[in-house]
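Quick notes on the structure that follows.
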Amino acid sequence: MREVRTTFQLVLDQSMESDEELMRLAVGEAAAARAAGEVPIGAIIVIEGEIKGRGQNSVISRSDPTAHAEMMAIRDAAGHIGNYRLTGSTMYTTIEPCAMCAGAIVHARIGRLVFGARDPRAGAVVTHFEVCTSEFLNHRVIVEGGVLESECASMIQSFFREKRELD
């Protein structure tokens, strides 16, 4: 077992192998976003061992500033189960969610969040704000970061490096 520390809790992670396998599916969603010309971020939501939601960044193709991978996965999962509350679910996302997505994760009552790389600029889960674990909210999320961290960070970094080279 591996100990994982978040700001407000200690979690004993007994499913790291499974977490890595599921994060690879989120990485696949990120790769699809990249192929579509979007920032390569992907997310999946698992409920009772089944993938109920998938999402990839699609802000450009949808002309929708809220079409982040996490938001798309939440919408997909809620539609699949017919409920806006995703109690007992786990979200896997390739990068630490922003404030909007972190707020949606709390409102959807997602039980656990597993992310790949920290986002030093906009990360609102552990880097800034601690939205998902705030004592002021009526729901707190179990948070684990760093699953396939280097792979997830590399996808984002190479995307922006290539974009800068083209400009």
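Count of the range 138-156 residues, restricted to those that are open to solvent by less than 80 Å² (accessible area, probe 1.4 Å) and either among the aromatic types (Phe, Trp, Tyr) or part of a helix (DSSP H, G or I) (or both), is 6.
Only a single item in (1) over 18 Å from ARG24 (Cα atoms); (2) in contact with a helix residue (DSSP H, G or I) (Cβ under 8 Å, 6 or more places away or on another chain); (3) surrounded by fewer than 18 Cβ atoms within 10 Å (Cβ to Cβ) is not met by GLU135, and it is number (2). Only a single criterion out of (1) over 20 Å from PRO40 (Cβ atoms); (2) open to solvent by less than 20 Å² (accessible area, probe 1.4 Å) is not satisfied by GLY82, namely (2). Among residues of the range 117-137 that are over 16 Å from HIS68 (Cβ atoms) and without any contact (Cβ under 8 Å) to a residue 12 or more places away in the chain, those with a Cβ under 8 angstrom from a residue that is open to solvent by 40 Å² or more (accessible area, probe 1.4 Å) and of a type in the set (Ser, Thr, Tyr), sequence gap 6+ or separate chain, pair up as PRO120/THR127. Only one of the numbered conditions (1) over 25 Å from ARG109 (Cα atoms); (2) open to solvent by less than 30 Å² (accessible area, probe 1.4 Å); (3) among the hydrophobic types (A, V, I, L, M, F, W, C); (4) without any contact (Cβ under 8 Å) to a residue 40 or more places away in the chain is violated by PHE159, and that is (4).
Quick test of your reading of the structure: GLU70 fulfils all but one of (1) charged (D, E, K, R); (2) within 14 Å of the chain's Cα centre (by Cα); (3) within 17 Å of GLU21 (Cα to Cα). Name the failing condition by number. Against the list (1) charged (D, E, K, R); (2) within 14 Å of the chain's Cα centre (by Cα); (3) within 17 Å of GLU21 (Cα to Cα), GLU70 comes up short only on (3).
The values are calculated or read from the model by the stated rules, or taken from the named source; none is laboratory data. As the structure is a computational prediction, the values presented were derived from the model and not from experiment. Virtual Cβ from ideal backbone geometry, glycine too; neighbours counted across all protein chains shown. Please note that ligands, DNA and RNA were not included when accessible areas were found on the heavy atoms of the full protein model with its side chains. Shrake-Rupley method; radii C 1.70, N 1.55, O 1.52, S 1.80 Å.
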